[in-house]
Amino acid sequence: MAYLLNYTRQPIDEKLYDPRLAYSMHLALGSDGLTYEALNHNSGVLFAKATENEDGSLNPKSLKNPWLFSLGEGHWGVAAVRVAGDGEPDEESRGSIMLFETHNLTEYRECGLVKLGKEYIEQVFCTCRPEKGNVCIVWKEQGGNCYMSEIESLEERKLLKVPVSCKDSFVSGFGRWKIPQDTGIPGAIPHNVVEISEEAAEWLRRSLLTPVHTGTEFPRQVEASNPEMLGQYRATALYSDGSRAQKRVDWDLSHVDFEKKGTYHICGKLHQDHYAFPIAFDRADPCIGRWQGKYYFIATNDADNNHTLYIREGDSIPKLVNAKEHLILDSHTYEGIGGLLWAPEFHEIKGRLYIFHAATPGEFFWEESHVMALKEGGNPISREDWFAPKRVRRRDGSDICEAGQEITLDMTCFAWQGEYYAVWSQRQFLPKDLGAWLYIAKLNPEEPSKLLTDPVILSKPEYGWANNHTFVDEGPFALPQGDRLYLTFSSAAVDTSYVVGLLAIDKGKDLLDARNWQKKNYPILTSRSVEGEFGTGHNAYVTDEDGTVWNTYHARPGVDGVRSSGIRRVHFNFRGEPVLDMTEEQDVREKYSMVETLLTVR
């Protein structure tokens with residue numbers, strides 16, 4: 001058996017770990033019930049959803065005093081006190097507790113509130129009684145009164161008995177004997193410990209710890225008549241979660257004569273490109289495109305307050321780091337294209353290259369999504385070879401939204417099952433600021449500045465990590481993988497709270513129905529993911545000639561650093577989900593980096 005600790009954290013400050021992050025359920029594993037290892041970078045895995053008002057605005061929510069309990073047969077429940085976003089009492093939750101259900105302790109379904117009384121609740125404890133077919137609930141009100149009752153199930157959430165009074169000493173001791181006095185986890189406020197199977201513990205390790213390189217496989221003998229043929233063989237890197245990745249090998253062939261038949265013992269090392277963070281200061285929302293055998297880098301230019309867009313060109317991704325920059329768009333050449341040139345992205349649509357970006361005639365509240373096309377046979381680094389940007393509109397030519405009251409930005413494009421789609425961020429400021437939401441529509445591939453369908457809402461910043469400091473979902477980018485489509489997006493303010501969230505949908509489902517998408521309850525890239533990188537977000541993907549997927553993103557090199565660009569390999573874990581926080585040291589460990597084989601030259 002293993003021990004699973006459920007805890008929240010003590011908030012630090014608004015830059016490092018504030019209430020909307022701290023007031024969520026965190027998990028840690030232990031083998032002896034005394035010492036524990038924090039999972040998910042000591043960050044929350046279960047957050048409460050915001051509630052919505054009639055005008056579409058959101059009321060942020062958080063969780064306090066969560067209680068984890070078994071429902072039997074590998075299923076678990078969580079009961080918690082729902083509070084307002086920053087931890088203050090929540091009038092909507094007065095006298096109620098919030099219930100969740102999970103089958104694997106990593107994906108949670110919010111069941112809803114259970115009304116227990118009229119006073120604010122301070123603590124809640126639950127236990128499942130399968131022999132009675134119900135769940136016993138014990139709670140303590142803020143005034144100090146304690147009660148007990150039962151519900152039939154998490155689904156029904158109806159009281160089976162009138163609440164009866166119980167002693168505070170009983171409530172305080174409810175399952176508390178398992179909680180360690182000192183967890184050794186920074187900031188942890190422990191709530192309860194449950195015993196889980198080793199199988200469940202291993203699932204949590206594989207799901208909530210960053211995979212680490214644990215070994216390498218390569219054929220014992222290979223045949224090749226030249227270095228190029230040898231280069232087609234790939235090593236298989238093995239990782240702690242059971243996943244794998246194919247790696248090129250840099251061989252020492254100094255003693256091999258490909259003109260002479262024979263067998264040679266050769267040694268090599270796993271190839272790994274090195275990218276020190278950052279690769280570019282004052283460059284945010286980075287994107288790399290691959291076009292006609294070359295690679296191109298583009299990003300928002302924070303160095304001049306977003307008035308220009310520059311492109312770098314290289315024969316490989318590593319060569320982009322020090323490549324010359326070429327100006328291709330500024331804020332005064334074209335009528336209607338003023339300041340705030342934001343979030344440029346390369347997209348190939350039916351054999352033509354486009355740049356999607358946001359621009360404004362001058363004022364912030366007129367920022368809207370645009371598309372500029374490369375001329376036939378044009379050179380991407382030549383500004384004269386790009387047509388003037390066009391504002392993206394509905395299929396009838398009307399505006400997506402009313403400029404001056406709403407803005408659109410961060411539009412991305414992707415192909416899926418024979419159709420092209422656009423996803424973008426849209427924010428209403430007037431008559432009331434509703435925050436930024438993600439929208440999706442089909443895109444006309446013959447005229448990518450026009451939508452084919454009416455926009456529908458895809459995602460709102462409903463979790464505490466998404467409405468931290470501001471209500472924002474933005475920066476979407478698609479990552480197709482086999483029969484599953486992933487869409488990452490960025491949330492919260494563009495300070496240290498900025499994070500990357502994940503949406504996913506299976507092949508065959510309607511992308512325009514938001515109910516078909518699954519949103520991960522917690523972000524997959526945050527300021528806690530990689531040491532020294534703060535406010536990580538607004539990422540994009542590119543696949544190189546080896547089939548390796550790379551993530552470009554921006555972060556701050558220090559709490560108060562400028563937004564700067566980084567590159568890291570995208571790993572796919574044992575469930576096929578993208579891993580964005582694997583460092584180079586975790587990706588290839590020195591002790592497993594060497595490869596040897598017998599090479600037969602025929």
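Every number in this text was worked out from the coordinates using simple rules, so none of it is lab data. Computed from a predicted structure; not experimentally measured. As a convention, Cβ positions derive from the backbone with ideal geometry for all residues, glycine included, and neighbour counts pool all protein chains shown.
How big is the charge dipole of the stretch 2-208 about its Cα centre, in debye rounded to the nearest 20, if each Lys and Arg gets +1 on its Cβ and each Asp and Glu gets -1 on its Cβ?
For the stretch 2-208, the charge dipole is close to 440 debye.
So which of Lys64/Lys178; Lys140/Lys520; Lys61/Lys140; Lys350/Lys507; Lys61/Lys432 end up more than 23 Å apart, counting from Cα to Cα? Violating the 23 Å limit, Cα to Cα: Lys140/Lys520. Per residue, the convex hull around the alpha carbon atoms of the chain comes to 175 Å³. Each residue in Phe534, Phe429, Phe489 was given a count of other beta-carbon atoms within 10 angstrom of its own, and listing them fewest first yields Phe429, Phe534, Phe489.
In terms of the Cα gyration tensor, with a ≥ b ≥ c the square roots of its eigenvalues, is the stretch 2-208 rounded because a/c is under 1.5, prolate because a/b exceeds b/c, or oblate? Rounded.
What ranking do Leu340, Leu580, Leu253 get, fewest neighbouring Cβ atoms within 10 angstrom at the top? Could the numbers behind the result be given before it?
Details: Leu340 21, Leu580 24, Leu253 15.
Lowest to highest Cβ neighbour count: Leu253, Leu340, Leu580.
Over the chain, Cα pairs under 8 Å with separation of 6+ residues give a relative contact order of 13 percent. In this Cβ point-charge picture (+1 for Lys and Arg, -1 for Asp and Glu), the chain has a dipole of about 1040 debye about its Cα centre. Overall size of the stretch 15-115 from C-alpha positions, given as principal axis extents largest first: 49, 37, 22 Å. When the charge dipole of the stretch 2-208 is built from unit charges on Cβ atoms (+1 for Lys and Arg, -1 for Asp and Glu) and taken about the Cα centre, the candidate among Tyr3, Ile137, Val81 whose Cα reaches farthest toward its positive end is Ile137. For the stretch 51-162, the alpha-carbon coordinates run over 44, 33, 22 Å along the three principal axes, in decreasing order. Against the chain, whose longest principal axis is taken from its Cα atoms, helix 198-208 shows a tilt of about 50°.
Dipole magnitude for the stretch 313-362: computed about the Cα centre from +1 point charges on Lys and Arg Cβ and -1 point charges on Asp and Glu Cβ, it is near 120 debye. With neighbour counts taken as other beta-carbon atoms within 10 Å, the residues Phe572, Phe258 rank, fewest first, as Phe258, Phe572.
Where Lys and Arg each count +1 and Asp and Glu each count -1, what net charge lies around Thr360 among other residues with Cβ under 12 Å from its Cβ?
On the way: positive: Arg391; negative: Glu363, Glu367, Glu368.
Neighbour charge sum, excluding Thr360 itself: -2.
Within straight-line reach of Lys269, meaning a Cα separation under 17 Å, sit the following aspartates and glutamates at least 8 residues removed in sequence or on another chain: Glu217, Glu228, Asp250, Asp252, Asp546, Glu584, Glu585, Asp587, Glu590, Glu596. Here's the picture: charge each Lys and Arg Cβ at +1 and each Asp and Glu Cβ at -1 in the stretch 226-320, and of Ala245, Asn306, Tyr296 the one pushed furthest to the positive end of that dipole is Ala245.
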